[in-house]
Amino acid sequence: MDTKALRQKILDLAIRGKLVPQDPNDEPASVLLERIRQQKQQMVKEGKLKAKDIKNDSVIFVGEDNLHYEKFADGSVKCIEDEIPFDLPDGWAWARLQSITSILTDGTHKTPKYSDKGYIFLSSRNVTSGKIDWDNIAYIPEALHHELYTRISPKVGDILLAKNGTTGVAAIVDREEVFDIYVSLALIRIVENTVDPIYVLRAIESSFIQDCFKSSLKGIGVPNLHLEHIRKTLLPIPPHSEQNRIISKADMLLALVEQI
């Protein structure tokens, strides 16, 4: 049995709304996405985000002609029907990954000075299996850690995505640890209490988004996934209640695949 293909089939069904039945009583994803926009605007007012952090956010909607359009912060509207890969069920919506995040950036671009002990420093080699390898880690000295940690302070629920090396492989931060990351990793933080990070992780693992990443790889020798492409990745968003049902069903089926 081709378990890799079976795993991809499960994820493919999940992001197309075919893994669990829809409930017409669920709050539509469009309402959830509007709440995210309001929450991010409030975060700007409170100083938790800067205005530049949301200036590239957009709204994707279906026009009266049944085509998909994208509205940008400056009020301009563009038809993006040629970018839409498949139809979504009623109640679902498309969104750019950056639109649902409060942080989407990468680690330090400086090659660090390592130490025998100190603070944990992760790179793409720590997410090769789709889970964070906490056993084979590097360390950096305290002074460098404080410099890096003021810029990015990873926390539980954040998604770490390999930008090169095992490009496109992602893992979720699953434990309370103080650590820093290298440029080979992108950190994706979903706006709190909105879209479930585990659903986003499963979507990233799907062949649809993996193919999107592969088509945008840049560089000679070592391919590199640029932040701009990650930010603009299209994501199918289900209603929040359906996200929970998808995660439960997908995790159960994926666990069976692991056993096989």
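The values are calculated or read from the model by the stated rules, or taken from the named source; none is laboratory data. Model, not experiment: these values are computed from the prediction. Backbone-built Cβ (ideal geometry, glycine too); neighbour counts: all protein chains shown. Areas reflect the complete protein model, heavy atoms only, side chains present, ligands, DNA and RNA absent. Shrake-Rupley method; radii C 1.70, N 1.55, O 1.52, S 1.80 Å.
For segment 55-72, the candidate set comprises residues that are part of a loop (DSSP other than H, G, I, E, B) and charged (D, E, K, R); within that set, the residue that is most open to solvent (accessible area, probe 1.4 Å) is Glu64.
Residue-level check: of (1) touching a residue at least 40 places away in the same chain (Cβ under 8 Å); (2) of a type outside the set (Ser, Thr, Tyr); (3) open to solvent by less than 10 Å² (accessible area, probe 1.4 Å); (4) assigned to a helix (DSSP H, G or I), His145 misses just (1).
One residue stands out in segment 24-54 among those that are part of a loop (DSSP other than H, G, I, E, B) and in contact with a Pro (Cβ under 8 Å, 6 or more places away or on another chain): the one that is least open to solvent (accessible area, probe 1.4 Å), namely Asp26.
In the set (1) of a type outside the set (Gly, Ala, Ser); (2) farther than 30 Å from Asn25 by Cβ; (3) in contact with a strand residue (DSSP E or B) (Cβ under 8 Å, 6 or more places away or on another chain), Arg125 fails one condition alone, (3).
Only one entry of Gly91, Gly75 meets the criterion of being on the phi > 0 side of the Ramachandran plot, in contact (Cβ under 8 Å) with a residue 60 or more places away in the chain, outside any helix (DSSP H, G or I) and not acidic (Asp, Glu), and that entry is Gly91.
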